[in-house]
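The values are calculated or read from the model by the stated rules, or taken from the named source; none is laboratory data. If you're wondering where the values come from, they're calculated on a predicted model, not measured in any experiment. Here the Cβ positions follow ideal geometry from the backbone for every residue, glycine too, while neighbour counts run over all protein chains shown.
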């Protein structure tokens, strides 16, 4: 992402008045080559106990713009990072994340995937945690 593209992403988050949900990293390569990467913060949105971000690429800028415009229509731009991540992943948030959401925003999240697709993600998450708990129990018994 070049500096102008990064500035556009920064400006979109500025318009959303969201100063805490944008993360960044600069990858340094041999010589003077560097690449700036930007990420939308989405901790615990899709899975429990996760520190999670969704990368924002140059190809994602139109989606980010549309997401901001959709949220602006319902005066809820502060959900920019979450809704962007949900739309990009084509995945609804976990049910507890819906608590307190405005109806219009909840409907936007619902459009990201079907209930069955969300259930499949929940099942995978549950299975992972059960396997992890079993591995820790086995480890303690040794």
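Which condition number in (1) surrounded by fewer than 12 Cβ atoms within 10 Å (Cβ to Cβ); (2) within 27 Å of residue 9 (Cα to Cα); (3) modelled with pLDDT of 90 or more is the one that residue 135 fails? Failing condition for residue 135: (2). Taken together, 121, 81 contain a single residue that is touching a residue at least 60 places away in the same chain (Cβ under 8 Å) and in contact with a strand residue (DSSP E or B) (Cβ under 6 Å, 6 or more places away or on another chain), which is 81. Would you be able to say whether some residue in region 63-79 is at pLDDT below 95, surrounded by 16 or more Cβ atoms within 10 Å (Cβ to Cβ) and closer than 23 Å to residue 17 by Cβ? No. The set of residues in region 80-92 that are touching a helix residue (DSSP H, G or I) at 6+ places or on another chain (Cβ under 7 Å) and surrounded by fewer than 22 Cβ atoms within 10 Å (Cβ to Cβ) comprises 87, 88, 91.
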